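The block underneath contains the structure these notes are about, expressed in structure tokens.
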Amino acid sequence: MLEVELKPCFLTPRQVKPEFPLFVYLPGMDGTGRLLRSQTAGLEVGFDVRCLAIPRQDLTSWDVLTSNVLDLIHAELERSSQRPVYLCGESFGGCLAMKVAIAAPHLFKRMILINPASAFKLRPWLDWTSQLMYLVPGCFYDVGALGLLPFLASLPRISRSVRQELLKTMRSVPSETVNWRVSMLREFSIDEDKLRSLQQTVLLIAGGSDRLLPSVSEIQRLAEIIPHNQTLILPESGHACLLEESVNLYKILQSYNFLETKITPKVKNPLWK
């Protein structure tokens, strides 16, 4: 995976399929996009997949990130302007996805929000603790990442190699970038009236065993705001549910009729690998 140092870009996991719907994935706070790799083989059955990668040193605002994502999507659509676009945001990326969607709602056919970190403010202790992170020396972040792992993921449901990749990815983000993105979550706000005006169907997914954020409460709250929505609670899943061996996002989308009919393959089990 190439290092991204200059500005946000899209990573293409395997191959370009311009005849397929464009699937845009906005990652969690690590910003690398590399943690989607366990899902890309499934998604590429029916999508042309792009993963947003944000530079490790990026300290830009929500507005700038939103503009960057829209520029990247428009660049993709210049090659094939008629194809539908699916917008998927996980955790931090869920917040960004909402910003992007209300900025250009006409661009998207469907949206998927997975454990959106808009729930950050619903955990007061996490908000208070995060404000002290600026006092923690950068040399302690490696230890902190290891301690955070059980809260970020349901470890028994993730393979050892994926756990190691998750830890490596967490440690790759500089402490000042972590602090900045946490401050963005503390300050995150969204125009609820604009969310209410969305015409797309939005799939809201939450890990029922998310120990980091109250994701179930948050998708229930969002379901009361977004007019066209479907909700899915994965009862045993943690915050980083897409890393779990039993979770297959493509089959979930198929089960919830989120796919283009002409490219829907037959699978036996609608939710799991």
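Throughout, read-outs are computed from the coordinates displayed, never taken from laboratory work. Note that this is a predicted model, so its numbers are computed, not measured. Reconstructed Cβ throughout: ideal geometry from the backbone, glycine too, with neighbour counts over all protein chains shown.
Of note:
- Length gained when the stretch E236-L77 is fully extended (0.36 nm per residue, less Cα-Cα span): 53.5 nm
- For the pair R196 and R160, a Förster radius of 41 Å applied to the C-beta separation gives a FRET efficiency near 0.40, rounded to the nearest 0.05.
- Cβ-based charge dipole, the stretch 163-252, positive-most Cα from S197, V182, T231: V182
- Extension gain from N257 to E176, taking 0.36 nm per residue of separation minus the Cα-Cα distance: 25.0 nm
- Computed about its Cα centre, the charge dipole of the stretch 9-263 is approximately 440 debye, with only Lys, Arg, Asp and Glu carrying charge at their Cβ.
- Restricting the stretch 24-114 to trypsin sites (Lys or Arg not before Pro) in coil, as DSSP defines it, with at most 16 other Cβ within 10 Å: R56, R79, K109
- Full extension of the segment from Q220 to K168, taken as 0.36 nm per residue of separation minus the current Cα-Cα distance, would add 15.5 nm.
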